[in-house]
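Student: Okay, handing you the structure first.
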Amino acid sequence: MAVQLTIVGMGQIGTSVGLALADQTEVIYRVGHDRERRASRRAEKMGALDKVSNNLISAVEDADLVLLALPVDQIRETLEAVRNDLKEGAVVMDTGPVKHVVASWVGELLPPDRYYVGLTPVLNPIYLHDIDSGVEAARPDLFRDGLVGIVSPPGMPSEAIKLAADLTRLLGASPLFADTVEMDGLVAATHILPQLLAAGLLNATIGQPGWEEGRKVAGRSYAEVTAPVMYPTEPKTLTTAAMLNRENVIRVLDSAVASINAIRNDLSNEDIETLEERLIRAREGRQAWLNGRLAADWAAEGTTSVEAPTASEVFGRLIGRGRKKEN
């Protein structure tokens, strides 16, 4: 018996999950669906899928585990589309950047005995500076030595949460357990804020007086600081994520504005010593963070260490049971 994992959304994240599980085909049957048929077909050719289903309902109706690797602005409509076609005991997971709202959608839309666990993947540190996206950017080790944040609404069976943790280990990552509110706060500060700050810098410079000459001398610093506005690739996706998490986003924006104002005041007051101290503290903080990410020694900090179980151990704990593997 093989368990059916259906991945909805064959971009970098969804395809990388399929690739990471490529050596588990005896017990995991990987089905993929994407609105763009080219993406799912490409994922299949890369070895990330056992089957492509161009029909969303057909893709999920026999699934034991459904992974929504979708932009957050597509998650609710997808849940609405599949709500009546998920089999009893199915576990739905998502990789979106906003969890509290998605958990509320699940509570509103899914029938009883269908379960939800949210995942927030943090990538392998060797890919921190990669700028590629989409199916072509998928890698089998994309999550190795990273973290996967795991959240669930109150009342979820422990088996569903354990499944998420074990799946995380199969991907080569360490699980980080949090509640939905905590995870939304972390994502607001470390993912959404950098993207909005990049947008702010771009709007403060491009098209402004002096830009005709400024664009000619803008170099590595400008390119690196403004790059986050390109990911996610669609402005609508970032807009939706920020709006759905707006309380946290406003809080971290206020903190960033206060920090920038402090630097401005140092300049205005010609306080060289304080300004230099701020810059030293920022530089040392970044280096300490980067060293930690590259070392990925999460066990030393109390995060569950990676000791990958076998796939049969993982999916033997599924609330729903497996299916016969197709030839």
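Every number here is computed from the coordinates shown, using simple stated rules; none is lab data. Please read these numbers as outputs of a predicted model, since none were measured by experiment. Cβ atoms come from the backbone with ideal geometry, glycine included; neighbour counts cover every protein chain shown.
Student: Which shape class, rounded, prolate or oblate, goes with region 39-124 when its Cα gyration tensor gives a ≥ b ≥ c as root eigenvalues, a/c under 1.5 marks rounded, and past that a/b bigger than b/c marks prolate?
Tutor: Oblate, since a/c reaches 1.5 and b/c is not below a/b.
Student: Give me the orientation-averaged projected area of the Cα convex hull of the chain, in nm², one decimal.
Tutor: For the Cα atoms of the chain, the hull's average projected area reads 18.3 nm².
Student: Can you sort 183, 243 so the residue with the fewest Cβ neighbours within 10 Å comes first?
Tutor: Going from sparsest to densest Cβ surroundings: 243, 183.
Student: First measure r as the distance between the Cβ atoms of residue 243 and residue 291, then evaluate 1/(1 + (r/R0)^6) with R0 = 41 Å and state the FRET efficiency to the nearest 0.05.
Tutor: With R0 = 41 Å, the Cβ-Cβ based efficiency is 0.75.
Student: Another question, then. What is the distance in Å between the Cα centroid of region 177-252 and that of region 1-34?
Tutor: For region 177-252 versus region 1-34, the Cα centre distance is 31 Å.
Student: Let me ask something else about it. Mind jotting down a quarter of the surface of the convex hull over the alpha carbons of region 183-300, in square nanometres, one decimal?
Tutor: If you wrap the Cα atoms of region 183-300 in a convex hull and average its projections, you get 9.9 nm².
Student: Sticking with the crude label model, points 7 Å out along Cα→Cβ, report the distance from residue 257 to residue 215 in nm, one decimal please.
Tutor: Inter-label distance under the simple model: 2.9 nm.
Student: Related question: How big is the antiparallel share of DSSP beta bridges in the chain, given as a percent to the nearest 5?
Tutor: 20 percent
Student: Which order results if 46, 10 are arranged by neighbouring Cβ count within 10 Å, fewest first?
Tutor: With the fewest neighbours first, 46, 10 line up as 46, 10.
Student: Rounded to whole Å and sorted largest first, list the principal axis extents of the Cα atoms in region 165-241.
Tutor: In descending order, the Cα extents are 54, 24, 19 Å.
Student: Across the Cα atoms of region 9-162, what radius of gyration and what greatest pairwise Cα-Cα distance (Dmax) are found, in Å?
Tutor: Calculated on Cα positions, Rg and Dmax stand at 14.9, 42 Å.
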